[in-house]
Each structure stands twice: as structure tokens, then as C-alpha cells.
Amino acid sequence: MTMGRPLKMGGNGWKYLTESVTPDVGEIELGADSARYYAAPGTPPGRFLGRGLEGLGGRPGAVRVGDEVSSEMLHNMLARLADPVTAEVLGRQPSTGKRPPVAGFDLTFSPPKSVSVMWAMADRGTKTVIEDICHQALSEVVGWAEDHVFRTRTGAQGIRHEEVRGVVASSWMHYESRDGDPQLHHHVIVLNRAQATSDGRWRTLDSRGLHPWVVALSERHVGVIEDLMTERFGVAWDQRDAVGGDLKREIEGVAPDLVAEFSQRRAAIEAARE
């Protein structure tokens, strides 16, 4: 998993998420043009997820997990830090100073490359099952993170950590890397507002507490995908040397040369680093 670029408030960069719809943890500053990356041509529409949705729309159930993210809803969240339905600002009115406030966080989740290769070479029915597995793994990890990772801070200088009722998030599935290789991955845009369990007030998330969990969340996501792929297709897994000298688990029977052939972006990055 990676955490990508900041999404800033203001402007209309959020429109890219909903146009043409058929790893690092990134802080998303309100309205950043870079947000246009998420809804690349040919990708599915964004969908809401997170238990924090219960606090939106003026009543429970106004926004549900799986609902499509409209352009107006996305604008309310990323350009105004507001409720996607009522357009009311969540919590404190964001500042409009020189440095735009952080609107949210971009968490990117990818399965092992061999899963994307298997998907690319499969029939439509098999592709759908693999995509569903990726959705299931994402939902499990986000739910786990709501229980164990996402927190807010209260008190003088944010001295006290507090649990939140859940997060308000949207997921955007992409099929390719920037270099055009098959690469299933989800961008999860987590709004930088959550209700504290103690009093229900909307506050910012604790970004400093989120960053140390990047690797753990990534490994959990991959582990869930491995289990679901084995359960559904009966595949086995082996450990291989990856580009850059890392060790990765890939599906047995998916040739290493084929995995490498479809990893051109990673290879280019490693070559540039060397």
C-alpha cells in the first residue's frame, strides 16, 4: 500500500474522479488538481465505504456503503470538507490561508502482480470474481483500520487520542499502472473528518498515527487476497525475488518472466534509482 499526494481545498481538481467513468500515504489538500488522477478513463465510478457514513446526510442511511459517489458529493467533501448530501461543513470551518488544509488521505492498495496478470489473461467471468476478491479484501482492511488505526486527537495540542465512530471514504478501482501494465489497485480517499466516539463531534484524523501503519495495512490486504484467491480458485503461492531485491509471494504457475514483463513501471523506477 502507498500513501500518495496531498489533496487540497479549493479549485476543481476533484472532477477527475468522476469524469469519463465507464504508495506512500498521501495527504489530500482540498481541491488539488492532482485528484483528477483517480477517475481515469474507463475506470468504474467511485463507491462510498466506511462506518462514518452513518453520520452523514442528516440521518442514518442517507449515504450507504456501496453508493456511487456523484460529482456534487465529491465536490462537497474535497473542496469544502462538507457533508456530501447536505453540503454543511463538518466540524470547524476550514481555513483558506496560504496553505490549504488537508481534505483527506489517499491510500492505495494493490494485490500481488501475479493476481493482476491472471486477471488480464482470464475470461470475463473469472475477471469479475478476481475484482470481487479485491473489493472484499479492501472492505476487510478498511473495517479493521477503523477499529485499530484511525483516531482523532483532542485536548491541548492534541494530547489525547480518541477513537472515532468510523471513517468517511470512497474507493476508486483502476486496472492499469501509469505505464499501461495490468495492475489492479484501489485508491481509497479517506475524508479528513470523523466523529469522535466520546461526543460525536466532527474532528480531523490523526495523520501522524496513520503513517506508521502503512506496511501493516498493506500486508493485511495482501494476506486477505491470498486467502480468498486460494479459497475460490485453489491456487498455491510461492516466494520469489522481486525487482529491487525484495521478496514477494506470487501465484504458482504464473511465470516469473511474465510477471516481470508486466512490471515495467517498477523496473523503470529501480533503474532510475540505481
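The values are calculated or read from the model by the stated rules, or taken from the named source; none is laboratory data. Everything numeric here is computed off the predicted structure, so don't read it as measured data. Note: ideal-geometry Cβ built from the backbone for every residue, glycine included; neighbour counts use all protein chains shown. Side chains included, ligands, DNA and RNA excluded: accessible areas come from the protein's heavy atoms. Shrake-Rupley method; radii C 1.70, N 1.55, O 1.52, S 1.80 Å.
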- How much length, in nm to one decimal, is gained on full extension between Gln136 and Arg240, taken as 0.36 nm per residue of separation minus their Cα-Cα distance? 34.9 nm
- Query: Each residue of region 82-88 in order: what ³J(HN,Hα) in whole Hz does its phi give by Karplus 6.51 cos²θ - 1.76 cosθ + 1.60, θ = phi - 60°, with x for Gly and Pro?
  - Reply: 10, 4, x, 8, 8, 6, 7
- Item | Residue-by-residue Karplus 3J(HN,Hα) for region 218-223, coefficients 6.51, -1.76, 1.60, Hz, glycine and proline x | 4, 5, 5, 4, 5, x
- Probe 1.4 Å, heavy atoms of protein chains only: per residue, the accessible area of region 145-256 in Å² is 49 Å²
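Place a +1 charge on the Cβ of each Lys and Arg in region 45-189 and a -1 charge on the Cβ of each Asp and Glu, then give the dipole magnitude about the Cα centre in debye, rounded to the nearest 20.
Numbers: 16 positive and 18 negative charges, 120 e Å.
So the dipole magnitude of region 45-189 works out to roughly 580 debye.
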- Task: May I ask you to derive the FRET efficiency for Arg249 and Val65 from their Cβ-Cβ distance with R0 = 22 Å, giving the value to the nearest 0.05?
- Result: 0.15
